[in-house]
Protein chains: 2
Amino acid sequence: MPRKPSYDRDALIAQARDIFWRHGWAGTSLKDLERELKLKPGSFYAAFGSKDTLYALALERYAQDGVASMGTLAEELGPLGALKAQPRRVIEASELPTKACMLAKTFAELQAKDHDLAAQARSHMVSMKTCFADLFRRAQDAGEIAPDHDPDRLASRYQSDLLGLRLSAERDDVNATEIAEDIAADLDRL
Amino acid sequence: MPRKPSYDRDALIAQARDIFWRHGWAGTSLKDLERELKLKPGSFYAAFGSKDTLYALALERYAQDGVASMGTLAEELGPLGALKAQPRRVIEASELPTKACMLAKTFAELQAKDHDLAAQARSHMVSMKTCFADLFRRAQDAGEIAPDHDPDRLASRYQSDLLGLRLSAERDDVNATEIAEDIAADLDRL
DNA sequence: GGGTTTCTTGAGCGATCGCTCAAGTATATA
DNA sequence: TATATACTTGAGCGATCGCTCAAGAAACCC
């Protein structure tokens with residue numbers, strides 16, 4: 001007897017992710033979301049409960065896609081190939097709402113407030129770091145990089161460099177492609 | 001016949017800088033500022049005109065101090081020494097309100113809105129990059145690094161790495177000291 | 001001390017924030 | 001087709017936002 005919702009919940013989450021990603025947590029008002037998602041306040045709260053709940057869903061989606069796409073890349077190019085390709089790939093993707101990492105932006109914005117979403121963003125960054133560490137480990141096992149390196153340490157540095165690169169890629173006074181190439185070149189010297 | 005203000009304007013700007021630095025633009029309300037600076041709304045607007053004006057002054061102060069402290073460091077340790085020391089120094093400074101760079105946080109938060117303050121933050125980042133490039137150039141002239149590098153490109157990469165490092169330093173799941181050491185070690189291989 | 005000028009104070013403005021809920025509407029089942 | 005069961009709508013809640021301004025207090029010059 002019920003009536004089905006007229007919206008695609010997954011699509012709305014993806015759309016919200018892009019808006020939050022671009023404008024941040026405080027920078028995105030419910031009015032913005034309601035306008036873009038074409039939802040009235042009532043439907044919005046029936047569907048998601050609160051702005052923060054939707055943000056958490058958006059973060060989760062973002063993180064899942066990130067890990068998944070590194071996995072796909074590794075299947076195509078192998079572990080070291082994927083790590084070397086990722087910097088260029090992430091700054092050249094023109095369909096992204098913004099170059100900078102959503103997890104990093106969220107963490108930077110909300111960490112000082114001890115907001116739950118900052119902790120969630122950090123936890124997703126840990127997953128991403130683990131993903132990188134696995135790739136470094138596999139590259140080491142394959143003999144693509146020297147065995148006298150700690151994969152976790154390499155992953156931390158790599159992730160840190162990527163965060164910096166992706167923020168730099170939003171600046172029009174910086175040649176992000178050169179930085180991406182230099183990061184990739186460093187991996188060949190390991 | 002006039003009456004002097006009872007506050008130290010420069011000290012208030014420094015205090016506001018620390019609050020904005022830590023909590024961001026949207027994350028800092030006038031109530032927060034009025035409470036911390038011990039100013040009533042009327043005095044606040046007599047002294048600074050608007051929240052954004054004060055933010056701009058805080059940004060400017062931040063950037064000036066940044067360039068100045070790199071200069072001091074270079075006098076002590078030489079150009080390459082300063083560049084190598086900076087990563088560790090910036091993440092070990094316990095008196096800072098937060099490890100991440102205020103220019104980067106501002107830029108990341110406000111760039112999507114095309115806010116004036118984002119443009120100002122970017123312009124300050126250019127100054128900082130120029131400062132790094134000068135040091136790389138001097139290090140090259142002194143024979144401390146090989147002459148076949150573009151100092152501007154080195155500076156862009158270095159600044160990008162520093163931004164990433166400083167954001168990573170706020171995560172308790174990352175050993176920022178190791179990253180800082182690795183960044184410094186890379187400079188020795190140039 | 002009187003007069004002038006500035007600074008200080010705080011109530012409160014209009015706008016916007018995230019969010020609620022009662023009324024109306026559409027759909028699936030019986 | 002009748003009824004039950006959602007979903008949709010939008011006015012508007014209390015709180016907070018950045019900010020204004022008129023009144024009072026304090027410091028300076030004569």
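Mind jotting down a quarter of the surface of the convex hull over the alpha carbons of the protein assembly as shown, in square nanometres, one decimal?
23.1 nm²
Only helical DSSP H runs with n ≥ 4 go in: add -39500 (n - 2.57) per run for chain A, normalise by residue count and round the 222 nm mean residue ellipticity to 500 deg cm²/dmol.
The helix-only estimate for chain A comes to -24500 deg cm²/dmol at 222 nm.
Determine the shielding of peptide B:97-110 by partner chains: average, over its residues, the number of Cβ atoms on other chains within 10 angstrom of each Cβ.
Counting Cβ atoms of other protein chains within 10 Å of each residue's Cβ and averaging gives 4.
Tabulate in residue order the Karplus-calculated ³J(HN,Hα) for segment B:173-190, using 6.51 cos²θ - 1.76 cosθ + 1.60 with θ = phi - 60°, rounded to whole Hz; enter x for Gly and Pro.
So the Karplus estimates, Gly and Pro as x, are 8, 10, 8, 5, 4, 4, 4, 4, 5, 5, 5, 4, 5, 4, 5, 6, 8, 7 Hz.
Restricting to lysines 8 or more places apart or on different chains, can you count the pairs in segment A:9-188 with Cα atoms under 28 Å from each other?
Lysine pair count for segment A:9-188: 22.
How many Å³ per residue does the convex hull of the Cα positions in segment A:34-88 occupy?
Considering the Cα atoms of segment A:34-88, their hull volume per residue is 102 Å³.
Can you work out the accessible area per residue across segment B:52-188, with the rest of the protein chains kept in place, probe 1.4 Å, in square angstrom?
I get 39 Å² per residue for segment B:52-188.
Between the alpha-carbon centers of segment A:139-190 and segment B:98-130, tell me the distance in whole angstrom.
23 Å
Tell me, what is the percent relative contact order of chain B, built from C-alpha pairs under 8 Å that lie six or more residues apart? Please report the intermediate quantities before stating the final value.
Values: 178 pairs, mean separation 44.1, N = 190.
Relative contact order of chain B: 23 percent.
Work out the mean other chain Cβ neighbour count within 10 Å for the residues of B:170-181 and drop it here as an integer.
Partner-chain Cβ atoms within 10 Å, mean over residues of B:170-181: 5.
Viscosity 1.567 mPa s, temperature 4 °C: Stokes-Einstein D of segment A:115-190 from its Kirkwood Cα radius, in µm² per second?
After rounding, the answer is 95 µm²/s.
Looking only at other chains, what is the average number of their beta-carbon atoms within 10 angstrom of each beta-carbon in B:147-158?
Rounded to a whole number, the mean comes out at 3.
Summing Lys, Arg as +1 and Asp, Glu as -1, what charge do residues with Cβ under 15 Å from the Cβ of B:Ile145 carry, B:Ile145 excluded?
Computed value for this residue: -3.
What shape does segment B:52-188 take by its C-alpha gyration tensor, where a ≥ b ≥ c are the square roots of the eigenvalues and a/c under 1.5 counts as rounded, a/b above b/c as prolate, and the rest as oblate? Walk me through the numbers on the way to the answer.
Values: a/c = 1.82, a/b = 1.39, b/c = 1.31.
Verdict is prolate for segment B:52-188.
In whole percent, how big is the carbon plus sulfur part of the accessible area of the protein assembly as shown, probe 1.4 Å, protein atoms only?
Working: 8880 of 17670 Å².
In the protein assembly as shown, the share of accessible area belonging to carbon and sulfur is 50 percent.
Which FRET efficiency value, to the nearest 0.05, is calculated for B:Ala26 and B:Ala146 with the Förster distance at 35 angstrom and r the Cβ-Cβ distance?
Once rounded, the FRET efficiency stands at 0.20.
Please compute the net charge surrounding A:Met125, taking Lys and Arg as +1 and Asp and Glu as -1 over other residues with Cβ under 9 Å from its Cβ.
Charge balance near A:Met125 sits at +2.
With a 1.4 Å probe, what is the total accessible area buried between chains B and A, in Å² rounded to the nearest 100?
3600 Å²
Quick one: which residues, 5 or more positions from B:Arg171 or on another chain, have an amide H under 5 Å from its amide H? H modelled 1.01 Å from N in the peptide plane, none for Pro or chain starts.
Amide H to amide H, under 5 Å and 5 or more residues apart or across chains, B:Arg171 pairs with nothing.
The values are calculated or read from the model by the stated rules, or taken from the named source; none is laboratory data. Fair warning: this is a prediction, and the values are worked out from it, not measured in the lab. Using ideal geometry, Cβ is built from the backbone for each residue, glycine included, and neighbour counts are taken over all protein chains shown. Heavy atoms of the whole protein, side chains included, go into the accessibility calculation; ligands, DNA and RNA do not. Shrake-Rupley method; radii C 1.70, N 1.55, O 1.52, S 1.80 Å.
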